[in-house]
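These notes concern the structure reproduced below.
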Amino acid sequence: MNAINQTWLDKDAEILEGPRPALFRGLSVQDMDRLYDACQTETYVDGQTVRRPQMLGLVEEGALREDMDTDGVPRLFALTFRGELVAPHGPRTQATRVHAMGETRLLTCESGTFSDLCVTIPRLRLNVLQLMHDQLDAARNWHLLLGRKTAAERMASLLYDVYRRQGCPDEIAFGLSRAEIGQMLGLTLETASRQLRALQKAEIVSLPSRGTVCVLEPQRLLLATGDMSEQRRAA
């Protein structure tokens with residue numbers, strides 16, 4: 001077995017449990033052996049262009065950024081973190097480019113091999129479909145919510161989303177300039193910088209270095225997103 005999956009695999013466990021990617025949910029140790037034997041591992045350095053997989057592409061370590069050309073100008077379109085799937089090659093992705101953010105490792109599988117795996121591991125197909133559905137649903141909800149939020153709520157929402165998707169670490173590696181953050185949020189550079197400083201001044205986050213954010217008060221950051229108020233109104 002490839003040693004790189006030891007983070008998510010307990011040899012003594014019959015069924016995988018714990019904070020592992022949804023792709024591995026319900027898979028046995030034997031299933032994991034077959035999966036890693038059939039798939040390939042690709043490693044990229046910071047800024048390197050990532051080859052889109054035909055079918056399966058799971059971020060094992062690091063993160064990816066997806067840029068879309070708009071009138072010849074690249075604009076940040078999406079971020080993909082550890083445990084998430086990168087969209088496979090297809091018509092929707094032809095206008096986009098994917099690059100590694102820091103040293104990044106992908107687990108990839110071509111379409112024919114994946115079809116064979118799904119015959120021997122039926123749960124795998126279900127996991128992939130569920131994970132893709134969840135990611136698409138999250139992306140759709142994200143864009144719908146941004147249209148209803150203030151600048152302050154947008155900034156808090158982005159930081160909390162990244163914090164949650166990276167596993168709620170003490171320090172999140174952001175890897176984005178403030179101009180790029182503004183692009184994702186539909187804000188100017190000045191507004192994005194002002195909202196980030198406001199969260200820092202309120203001691204909700206700290207900014208120890210460029211591209212790094214420490215979430216000091218996760219609950220207050222969640223409240224700043226406005227989502228709790230939205231849920232109360234809906235109830």
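Rule-based calculations on the coordinates, nothing more; no lab input. In this text, all values refer to a predicted model and were calculated from it rather than measured experimentally. Heads up, the Cβs are rebuilt from the backbone with ideal geometry, glycines too, and the neighbour counts pull from every protein chain shown.
Amide H contacts of Ala78 (H built 1.01 Å from N, in plane; Pro and chain starts excluded): Glu66 sit under 5 Å, all sequence-distant by 5 or more or on other chains. Protection proxy ranking of 41-53, 190-202, 137-149, by the mean of other Cβ atoms within 10 Å over each peptide's residues and highest first, is 190-202, 41-53, 137-149.
Counting Lys +1, Arg +1, Asp -1, Glu -1, what net charge surrounds Ala202 among other residues with beta carbon under 10 Å of its beta carbon?
+1
Using θ = phi - 60° in the Karplus curve 6.51 cos²θ - 1.76 cosθ + 1.60, the 3J(HN,Hα) couplings for the stretch 39-51 round to 9, 10, 10, 10, 10, 10, 9, 3, x, 6, 5, 9, 6 Hz; x is entered for Gly and Pro.
Summarising the amide proton neighbourhood of Arg25: residues at separation of 5 or more, or on other chains, whose placed amide H is nearer than 5 Å comprise an empty set.
How would you classify the stretch 150-234 from its alpha-carbon gyration tensor, with a ≥ b ≥ c the square roots of the eigenvalues: rounded for a/c under 1.5, else prolate if a/b is greater than b/c, otherwise oblate?
Note, shape of the stretch 150-234 comes out oblate.
Evaluated with a Cβ-only charge set (Lys, Arg +1; Asp, Glu -1), the stretch 10-143 carries a dipole of roughly 380 debye about its Cα centre, given to the nearest 20. Phi angles of the stretch 62-70 translate, via the Karplus equation with coefficients 6.51, -1.76, 1.60 and θ = phi - 60°, into HN-Hα couplings of x, 7, 10, 10, 10, 10, 10, 6, 10 Hz per residue; Gly and Pro are given as x.
Once backbone amide H atoms are built at 1.01 Å from N, Glu84 has Val59 as its partners under 5 Å, excluding neighbours fewer than 5 places away on the same chain. Please give the FRET efficiency for Ala198 paired with Glu110, using the beta carbon to beta carbon distance and R0 = 45 Å, rounded to the nearest 0.05. It comes to 0.45. Per residue, the convex hull spanned by the Cα atoms of the chain measures out at 146 cubic angstrom. Sorting 107-115, 165-173 by average packing, meaning the other beta carbons within 10 Å per residue, from highest down gives 107-115, 165-173. The string of couplings for the stretch 211-216 from the Karplus curve (6.51, -1.76, 1.60, θ = phi - 60°) is x, 10, 10, 9, 8, 7 Hz, one whole number per residue in order, with x for Gly and Pro.
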